[in-house]
Amino acid sequence: MSSRTFIILKPDALERGLVDAVMQRFFNEGFVVEHMHYRVIDRVLIKKHYEKVIEREGPEFIHWLDKEFVGKPAIPIILTHENDDGITVARNILGNRRPESAEKGSIRGDYGIGQMDPAKPAMNLVHASDSEEAFDKEKNLWFRATRF
């Protein structure tokens, strides 16, 4: 049985020229690209994507989103994996969301840029859905004109 997951190559991955290196990690673990596209991020999209984080972190997080995402390119991707645990496999490939705590050999452990201040968001290169519900929400948000 196969499964699908959703990832976003964030602006920091594109700006640092890490798209090929990051994608190769997923290919090495048996993922196949089902759908992807290049998209410039607008404020409405990124606020909707991070709405729960904004609720938790407060308005200062919106300022960070504006600086790090709005008007910048990203690559949202739907990946298919041969097993039924693609979401878990993808998140394991990424490592801890905080690069300074991520394992070496993971994408974030090898390429992420941590923050000295743990209250500040990290530059962690890739977003990955953490559940089937998040997958459904995020794919529909980022691929709004496409039905999957």
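For this structure, a couple of remarks:
- Between Ala21 and Asp66, the contour length at 0.36 nm per residue exceeds the Cα-Cα span by 13.6 nm.
- Build a GNM of the chain with springs between Cα atoms under 10 Å apart, and of Gly86, Gly112, Gly71 the one that fluctuates most is Gly71.
- Between Glu132 and Glu100, the distance separating the two model label sites (each 7 Å from Cα on the Cα→Cβ line) works out to 3.7 nm.
- Whether the range 15-148 is rounded, prolate or oblate, judged on the alpha carbon gyration tensor where a/c under 1.5 counts as rounded: oblate
Where a number appears in this text, it was derived from the coordinates with a stated rule and is not lab data. Quantities reported herein were computed from a predicted structural model and do not represent experimental measurements. Every residue, glycine as well, gets a Cβ built from its backbone with ideal geometry; the counts of neighbours run over all protein chains shown.
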